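I have placed the structure first, in the form of structure tokens, so that the comments after it can refer back to it.
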Amino acid sequence: MPEMILSRRNRIIKNAVQLSGSAEYRRECGLYFLEGARLCADAASSSVSIRTLFYTEAAAEKYGNYLSLARNNAQEIYVVGPQAAQSLSRTKTPQGIFCICEMSANVLKGSELTERGAYLALENLQDPANLGAILRTAEAMGITGVLLGGNCCDLYSPKVLRASMGAVFRQRIFLEEDLPRLFSALNQRGFITAAAVPDRGALPVTKMDFSIPCVLAVGNEGNGLTQETQKSCSAQITIPMLGRAESLNASAAAAILIWEMMRNRAGAS
């Protein structure tokens, strides 16, 4: 029987809470916090290294199948009482299953982008829900990898992890502070680098040829791509819109652009 933790003041619980709330502490430890039966099971089935598993007795009865997957991969296991579980939870309807996981080796530096394929680049994206949703779409559509450029929100934020529905565990991700420098290098290697802009004078994405290796760049929710990044791209594209709206939500725009890029590549193959 796993050890039981009842108090929210327990040092193991306090450490988990700090991982949940602090990006700096996550980076310092190389660990992150997960909440939810399906998400923890998904981490286990995606070969994520689970350092610690917490669950309530009620969760063991209700989510036995999910819990068994996480149990098999966890190094340490604790049963938690109601107070400790309440301290750990950040959701309105907690399920009573939580994990501490090791950060993925799939997260690479931009300089390690060597495979020729179809990539999405995100610059200075700040909304965790947007980032998670975009990663989920990118994985579903078969994107080769996602570049997080500039100052994007923390990849391991609980909101990103929930919104991605496990895509963070499986999607190849690259971190790059200086997208213009990387894009210039990719241009020389024969990639298309396309900046998505809300400009009716830009090339409609439906007319872009994505059949060769390509990177499609989407910018910050309010400001879009920086001027430096736009200038470093080999093309500027836009989503044709018949309505009066000038722009779309970042995750909605990214979904349309990803779909068109991958549809175009599939048609060319």
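Coordinate-derived values only; no laboratory data. Keep in mind that what you see is a predicted model, and the values were worked out from it rather than measured. So basically every Cβ, Gly included, is an ideal-geometry build from the backbone, and we count neighbours across all protein chains shown.
Taking R0 as 35 Å, what FRET efficiency do you get between residue 107 and residue 65 from their Cβ-Cβ distance, rounded to the nearest 0.05? Please list the in-between numbers first.
Numbers: r = 29 Å, r/R0 = 0.83.
About 0.75, to the nearest 0.05.
Given 0.36 nm per residue, what is the gain on full extension from residue 129 to residue 45 after removing their alpha carbon distance, in nm?
Extra length from residue 129 to residue 45 when fully extended: 27.9 nm.
Evaluate the distance, in nm, between pseudo-label points positioned 7 Å from the Cα of residue 185 and of residue 151 along their respective Cα→Cβ axes.
Spacing of the two 7 Å Cα→Cβ label points: 2.3 nm.
Please get the size of the charge dipole for region 107-268, origin at its Cα centre, with Cβ charges of +1 on Lys and Arg and -1 on Asp and Glu, quoted in debye to the nearest 20.
With Lys and Arg at +1 and Asp and Glu at -1, about 420 debye.
Scanning the chain for GluC sites (Glu not before Pro) in DSSP loops with at most 11 other Cβ atoms within 10 Å, what's the longest stretch left with none?
Numbers: sites that count: 115, 246.
Value returned for the longest uninterrupted segment is 116-245.
For residue 1 and residue 234 in the same chain, what is the full-extension length gain: residue separation times 0.36 nm, less their Cα-Cα distance, in nm? Walk me through the numbers on the way to the answer.
Numbers: separation 233, 0.36 × 233 = 83.88 nm, distance 6.00 nm.
Answer, rounded to one decimal: 77.9 nm.
So, in nm, how far is label residue 207 from label residue 141 when the simple model puts each one 7 Å beyond its Cα toward the Cβ?
Rounded to a tenth, the inter-label distance reads 2.0 nm.
Please identify the longest segment of the chain free of exposed trypsin sites (Lys or Arg not before Pro), where exposed means a DSSP state other than H, G, I, E or B and no more than 16 other Cβ atoms within 10 Å.
Numbers: sites that count: 9, 90, 92, 116, 189, 200, 244.
Maximal segment without exposed cleavage sites: 10-89.
Scan (1) 139; (2) 177; (3) 123 for the value of volume of the Cα convex hull per residue in Å³ calculated from this model and give just the label.
(1)
Along region 203-208, what does the Karplus equation 6.51 cos²θ - 1.76 cosθ + 1.60 (θ = phi - 60°) give for ³J(HN,Hα), rounded to whole Hz, x for Gly and Pro?
These are the phi-based 3J(HN,Hα) values: 5, x, 4, 5, 9, 7 Hz.
Lys pairs in the chain, Cα-Cα under 28 Å, at least 8 apart or on separate chains: how many?
9
For the chain, find the longest principal axis of its Cα atoms and tell me its angle to the long axis of helix 250-268, 0 to 90°, nearest 10.
60
If we count every other residue with Cβ under 9 angstrom of residue 150's Cβ, Lys/Arg +1 and Asp/Glu -1, where does the sum land?
Neighbour charge sum, excluding residue 150 itself: -4.
DSSP beta bridges in the chain, what fraction antiparallel, as a percent rounded to 5?
Close to 25 percent.
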